[in-house]
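Computed from the coordinates by the stated procedures, all read-outs in this text should not be read as laboratory data. Owing to the predicted nature of the structure, the values given are computational and were not obtained by experimental measurement. We place every Cβ from the backbone using ideal geometry, glycine too, and count neighbours over all the protein chains shown.
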Protein chains: 2
Amino acid sequence: MNTGEQLLPVLAAGGPGLASGLRLAEARLNEVAGAHGEVLAGHAGGTLAAGGKRLRPLLVFLCAGRTEPDERVVAAAAAVELLHMATLVHDDVLDRAPLRRGYPTVVATAGRDAAVATGDLLFSRAFAELAATGSAPAVQALSNASTALARGELMQRDDAWSADVTAERYRERCQLKTGSLFAASCRLGAELGERGGHTADALAAFGDRIGVAFQILDDVLDVSGPVEDTGKHRGTDLLDGTVTLPLIVARARDEELRALDLRSAATTPREAEALCDRIAATGALERSRTEALEIVATAKRDLAAIDLEPWQRDALDLVADGVVARYS
Amino acid sequence: MNTGEQLLPVLAAGGPGLASGLRLAEARLNEVAGAHGEVLAGHAGGTLAAGGKRLRPLLVFLCAGRTEPDERVVAAAAAVELLHMATLVHDDVLDRAPLRRGYPTVVATAGRDAAVATGDLLFSRAFAELAATGSAPAVQALSNASTALARGELMQRDDAWSADVTAERYRERCQLKTGSLFAASCRLGAELGERGGHTADALAAFGDRIGVAFQILDDVLDVSGPVEDTGKHRGTDLLDGTVTLPLIVARARDEELRALDLRSAATTPREAEALCDRIAATGALERSRTEALEIVATAKRDLAAIDLEPWQRDALDLVADGVVARYS
């Protein structure tokens, strides 16, 4: 488990119930990764080990609000992380990424073919985990999120290198690519914690917002670095043709940037870094970061109106702050 | 709808309820393909149009045994076909296939990236359709099948060009790759037609068997052709490194074939066709076809012991015969 130092206060707020829930979810993920033949065990094991902050399972537990671990909540926590892992494996296929968080990707070690199938398998297991809870609305929430993730991915590919991507379209993509699974994590937690209806909707809206803020910050970090913190070169989005908020804002402010043909402007890591510097010079990073902070502020404001246990609200507040406080 | 001439007797046996059910499922598939943005509509539309026999939806309807169309059964029929389409789109990515049944594949028209995401989207919609039925066991059945499909695909990639693939391992792969979704189609039909328990298990076993037989016959047709019927060159499996029953049997019978290094034996379509002729010369195609026929005979024998309406049994018998009677 690599929840990240920034999340230690969240764990403290969540108490022993949260910590043991996260441990159970981690054990379940290891079990699933090891259970479907040696080939999967190898591929999925690497993806699991590359870890990550397990933010989505964390949201499931916090929104479920149980102080004792519950089997169905653990299953939902494992399911959202499995779906997330599946999309990471497929994203790496698309991006031909050699490393993720310093670990070799499945596509790098086993090839594109195995990576597509591994992603499919992780996908399937996400739904199998959730089906085991016996909750059809839970499955529906996950499949809606999963549809949104794929739509976001298609939109991103479709918009690659396009000069016409508006800030509005960018936000829609963030909602699809990231907000949707954060929202589903909160909704699943609420539903399985037996807090359906209005509370589930409100928690899902909270998740959606902090997911979008998380994505905006991710896109800021791709331009700002530093490399030592993010673990990847600056400007990978520019090399991929992914048009993000910093670039959109910078182009609105800098005529020369606006005149650039995106496809030819950054074809090498060195050119991409130079373009990052130009984007930063326009103040677009501060503007983008401010937008993320505003979204988090709205999320926290609305959270205050939801009927929650004090420890739940405290912990969710900390998570909201955490998504925009990374490396800053 | 392209159910294929061979399935006309099945439609006759199934009566007007079956025909209208299949029409509703087709309409639902078109709706799903059109509903998630223009990009998906374009990509999925092509895959849908390439059609196929809609064998899996047919099994759902026949096992449900309703004489009036039922919304949940239609949803399950759409779900199994969506899952099948998702795997076809991903298979085409892996095989870099330009055409499927004469239509350009998504990977050929839109690129690998869009094809992976399109497959993911179809995957998600399969689960969304099924979740809408409110049946958690149905979702579980589909996710188990979906896991099996991905495991089969991983196994196939892992065994590529291997001289060590036994007939037993080959059969296991057929079960994972094809039997599992045929079985799930029957199980879903039975469950949603409110024939759970023993009947659902028995119908799933029937589906599993005819799925394996279907796959064996597919692999025979890849060696035997004729191209005019199959719509693809002979020996594509050999070019892919996919070791199938005809090759396994032929290698056991022909020492020179056994000595061949599979990776270098067929690197061009012309070499693959020559290798097909050598395989055929050993009698391996007849042996493989006989195995498929025997499996179908067992499936039909066991079907006779299941408590079904006479029209259901007649129609399922015809489907079983159909999977091994293609182009012969």
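Observations
- Across segment A:181-191, rounded Karplus estimates of 3J(HN,Hα) from the backbone phi angles (6.51 cos²θ - 1.76 cosθ + 1.60, θ = phi - 60°) give 7, 4, 4, 5, 4, 5, 5, 4, x, 4, 5 Hz, Gly and Pro being marked x.
- Shape category assigned to chain B from the gyration tensor of Cα positions, a/c cut at 1.5: oblate
- Coupling constants for segment A:295-311 follow from the phi torsions by the Karplus curve (6.51 cos²θ - 1.76 cosθ + 1.60, θ = phi - 60°), and in residue order they are 5, 5, 4, 4, 4, 5, 4, 5, 4, 4, 8, 8, 6, 10, 5, x, 5 Hz; glycine and proline get x.
- Magnitude of the charge dipole, chain B, Cβ model with Lys/Arg +1 and Asp/Glu -1, debye to 20: 100
- Its convex hull of Cα atoms gives the protein assembly as shown a direction-averaged projected area, equal to a quarter of the hull surface, of 28.3 nm².
- Sequence-distant residues sharing a close amide H with B:Leu99 (under 5 Å, placed H): B:Thr105
- Helical mean residue ellipticity (222 nm; -39500 (n - 2.57) per DSSP H run of 4+; nearest 500) of chain B: -24500 deg cm²/dmol
- Between 0 and 90°, nearest 10: helix A:71-95 axis offset from chain A longest Cα axis: 20
- In order through segment A:130-138: 3J(HN,Hα) via Karplus (6.51 cos²θ - 1.76 cosθ + 1.60), integer Hz, x for Gly, Pro: 6, 4, 5, 6, x, 9, 5, x, 5
- 0 to 90° range, to nearest 10: angle between helix B:55-64 axis and chain B longest Cα axis: 40
- Within-10-Å neighbourhood charge of B:Leu188 [Cβ basis; K, R +1; D, E -1]: +2
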